[in-house]
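A.B. asks: Before we start, here is the structure in question, set down as structure tokens.
The values are calculated or read from the model by the stated rules, or taken from the named source; none is laboratory data. These numbers come from a predicted model, not from an experiment. Here Cβ is always computed from backbone atoms with ideal geometry, including for glycine, and neighbour counts include all displayed protein chains. Remember, those area values only see protein heavy atoms, side chains included, never the ligands or the DNA or RNA. Shrake-Rupley method; radii C 1.70, N 1.55, O 1.52, S 1.80 Å.
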Amino acid sequence: MMRVSAKEKSRKYFNEHRNSKLARGGYWRHDYRYALSAIGKIHPKRLIDIGCGPGAFLTLVQKKYPEIQLNALDLSEEMAAETRGRLLPTAIVTVGDSENMPLEDSRYQAVTCNMSIHHYPHPQKAVNEMYRILTDGGCLLLNDMDCAAPIRWCANRIFPHLPGGDVKMYNRAEIMEMVKQAGFKKIEYRKISPFSFQCIAVK
């Protein structure tokens, strides 16, 4: 039997579950407010959300900061379509792989990635791409799961058996190393709930 890759599993799962509570970000709205606050301090002209899902986060950005040019990227065609339908016509939504983005260099002042990096088989490639598409002085806002070590250990053994293409929950040291390896210089990591973190890094 041919082994299905994590990317193929993710694409299939999210294409089929575009309207689920999980897909629509219902579980992570607590975390979104931290990113929204940071965006207010950055004042980006262009922002892109990587692994945008159905646009739950970007709809909040659009409401709070209508002056920002919004962009989005997702591997799932259905999620990209959902995002496109929820945002203003000026938003640019791209179907693409976070590890090999079909996007220009040095284009965005802010890159956000919410609860997505644990789906990436090669997360360093994705973080490198996030660095590439940021302007000098641009800011990465990375948010994902962060649990106690025993919970993370168990989760990482269960992930390969889940249908959504989950790959790995990374610890603080691993996230910090990825961001440093990509070239970011100013990095801040903080817990924002018992189950999640926010990493802010400047190019």
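A.B. asks: Stretch GLU67-SER193 to full length: gain in nm at 0.36 nm per residue minus the Cα-Cα span?
C.D. replies: Details: separation 126, 0.36 × 126 = 45.36 nm, distance 2.95 nm.
Contour length minus Cα-Cα distance gives 42.4 nm.
A.B. asks: Counting only protein heavy atoms and a 1.4 Å probe, tell me what percentage of the chain's accessible area is made up of carbon and sulfur.
C.D. replies: Values: 5570 of 10030 Å².
Looking at the chain in its full context, I get 56 percent from C and S.
A.B. asks: List the lysines whose Cα lies under 27 Å from the Cα of LYS12, skipping any in the same chain that are fewer than 8 positions away.
C.D. replies: Within the straight-line cut-off, LYS12 pairs with LYS21, LYS125, LYS168.
A.B. asks: Among ALA81, THR112, GLN69, which residue has its Cα furthest toward the positive end of the charge dipole of segment 67-119, with +1 on Lys/Arg Cβ and -1 on Asp/Glu Cβ?
C.D. replies: GLN69
A.B. asks: Taking only protein heavy atoms and a 1.4 Å probe, what accessible area per residue, in Å², does segment 76-137 have with all protein chains in place? It would help to have the intermediate numbers written out before the result.
C.D. replies: Details: 2610 Å² over 62 residues.
Accessible area per residue: 42 Å².
A.B. asks: Tell me, how many Å apart are the Cα centres for segment 87-106 and for segment 126-151?
C.D. replies: The distance from the Cα centre of segment 87-106 to that of segment 126-151 comes to 16 Å.
A.B. asks: Give the relative contact order (percent, whole number) for the chain; include only Cα pairs under 8 Å separated by 6+ residues. Could the numbers behind the result be given before it?
C.D. replies: Details: 401 pairs, mean separation 43.4, N = 203.
With pairs under 8 Å counted, the relative contact order is 21 percent.
A.B. asks: Turning to a different aspect of this structure: If you place +1 on the Cβ of every Lys and Arg and -1 on the Cβ of every Asp and Glu, how big does the dipole about the Cα centre of segment 30-103 come out, in debye to the nearest 20?
C.D. replies: Working: 8 positive and 9 negative charges, 112 e Å.
With only Lys, Arg, Asp and Glu charged at Cβ, the dipole is about 540 debye.
A.B. asks: I would also like to ask the following. Long-range amide H contacts for ARG107: which residues qualify at under 5 Å (H placed 1.01 Å from N, peptide plane, sequence gap of 5 or more or a different chain)?
C.D. replies: Correct list: LEU134, THR135.
A.B. asks: How about segment 158-203: which chymotrypsin sites (Phe, Trp or Tyr not before Pro) there lie in a loop by DSSP and see at most 12 other Cβ atoms within 10 Å? Walk me through the numbers on the way to the answer.
C.D. replies: Values: sites: TYR170, PHE184, TYR189, PHE195, PHE197; in loops: TYR170, PHE184, PHE195.
Sparse-neighbourhood loop chymotrypsin sites (Phe, Trp or Tyr not before Pro): none present.
A.B. asks: Between ALA72, ALA149, ALA182, which gets the highest mean-square fluctuation from a Gaussian network model of the chain, Cα cutoff 10 Å?
C.D. replies: Between ALA72, ALA149, ALA182, it is ALA149 that shows the largest mean-square fluctuation.
A.B. asks: A further question on this structure: Select one label from (i) 15.7, 51; (ii) 16.7, 53; (iii) 19.8, 78: the one whose number is Rg and Dmax of the Cα atoms in Å as derived from the coordinates shown.
C.D. replies: The value matching this structure is (i).
A.B. asks: So what is the 222 nm mean residue ellipticity for the chain from helices alone, if each DSSP H run of at least 4 adds -39500 (n - 2.57) and you divide by all residues, rounding to the nearest 500 deg cm²/dmol? Intermediate results must be reported in sequence, preceding the final value.
C.D. replies: Details: 7 runs with 76 residues, N = 203.
Helices in the chain give a 222 nm mean residue ellipticity of -11500 deg cm²/dmol.
A.B. asks: Here is a follow-up. In straight Cα distance, which lysines are under 19 Å from LYS63, not counting same-chain residues fewer than 8 positions off?
C.D. replies: List returned: LYS41, LYS45.
A.B. asks: Would you be so kind as to identify which of TRP153, GLY183, LEU47 lies farthest towards the positive end of the dipole of the chain, taking Lys and Arg as +1 and Asp and Glu as -1 on Cβ and the Cα centre as origin?
C.D. replies: TRP153
A.B. asks: Projecting each Cα onto the charge dipole of the chain (Lys/Arg +1, Asp/Glu -1 at the beta carbon, about the Cα centre), which of VAL127, PRO102, HIS30 comes out farthest on the positive side?
C.D. replies: Comparing the listed Cα positions along the dipole, HIS30 ranks first.
A.B. asks: Roughly how many debye, to the nearest 20, is the charge dipole of the chain about its Cα centre, given +1 on each Lys and Arg Cβ, -1 on each Asp and Glu Cβ, and no other charges?
C.D. replies: So the magnitude is around 460 debye.
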